[in-house]
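Enquirer: Have a look at this one before I ask anything.
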Amino acid sequence: LLFQATLLWHDSSIGWTPKVAYRWLLHHRPDIGTMRFYLYQGNNQVIDSGNIYDSTLKGGRLGLFCFSQKQIIWSNVKYSCSDDV
């Protein structure tokens, strides 16, 4: 099946370091059509996507994609809905 995913933002400025923990946060406000992605290595923020505008995504599924890197561990993955800014 085609067109099951839409790329809204991409950053190729960093690569993943093996055996290093990364933490990420995604804010999605479907009522106003905004998203924002943050990536942290420890307490250091390494990526901020800035506001991403798309009013077509009102919900759905969240997926993790890793380009087949070895030794990836996903942990403490959480999802919550909030109307707060």
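The values are calculated or read from the model by the stated rules, or taken from the named source; none is laboratory data. Keep in mind the model is a prediction, meaning the values are calculated, not measured. Using ideal geometry, Cβ is built from the backbone for each residue, glycine included, and neighbour counts are taken over all protein chains shown. Note: areas computed on protein heavy atoms with side chains; ligands, DNA, RNA excluded. Shrake-Rupley method; radii C 1.70, N 1.55, O 1.52, S 1.80 Å.
Enquirer: Look at PRO30 and say whether it is farther than 21 Å from GLN71 by Cβ and either among the acidic types (Asp, Glu) or out of contact with any strand residue (DSSP E or B) (no Cβ under 6 Å at 6 or more places or on another chain) (or both).
Expert: yes
Enquirer: Let me ask you something else. If the Cβ limit is 6 Å and pairs must be 6+ apart or interchain, which residue in region 19-33 that is more than 17 Å from LEU57 (Cβ to Cβ) and of a type in the set (D, E, K, R) pairs with which residue that is modelled with pLDDT of 85 or more and open to solvent by less than 80 Å² (accessible area, probe 1.4 Å)?
Expert: ARG23/TYR40
Enquirer: Just give me the residues in region 16-60 being open to solvent by less than 50 Å² (accessible area, probe 1.4 Å) and of a type outside the set (Val, Ile, Thr), in sequence order.
Expert: If the condition is that a residue be open to solvent by less than 50 Å² (accessible area, probe 1.4 Å) and of a type outside the set (Val, Ile, Thr), then PRO30, GLY33, MET35, PHE37, TYR38, LEU39, TYR40, GLY42, SER49, GLY50, ASP54 are the ones that fit.
Enquirer: Given the conditions (1) modelled with pLDDT under 80; (2) among the aromatic types (Phe, Trp, Tyr); (3) touching a Ser or Thr at 6+ places or on another chain (Cβ under 6 Å), which single one is not true for TRP9?
Expert: (1)
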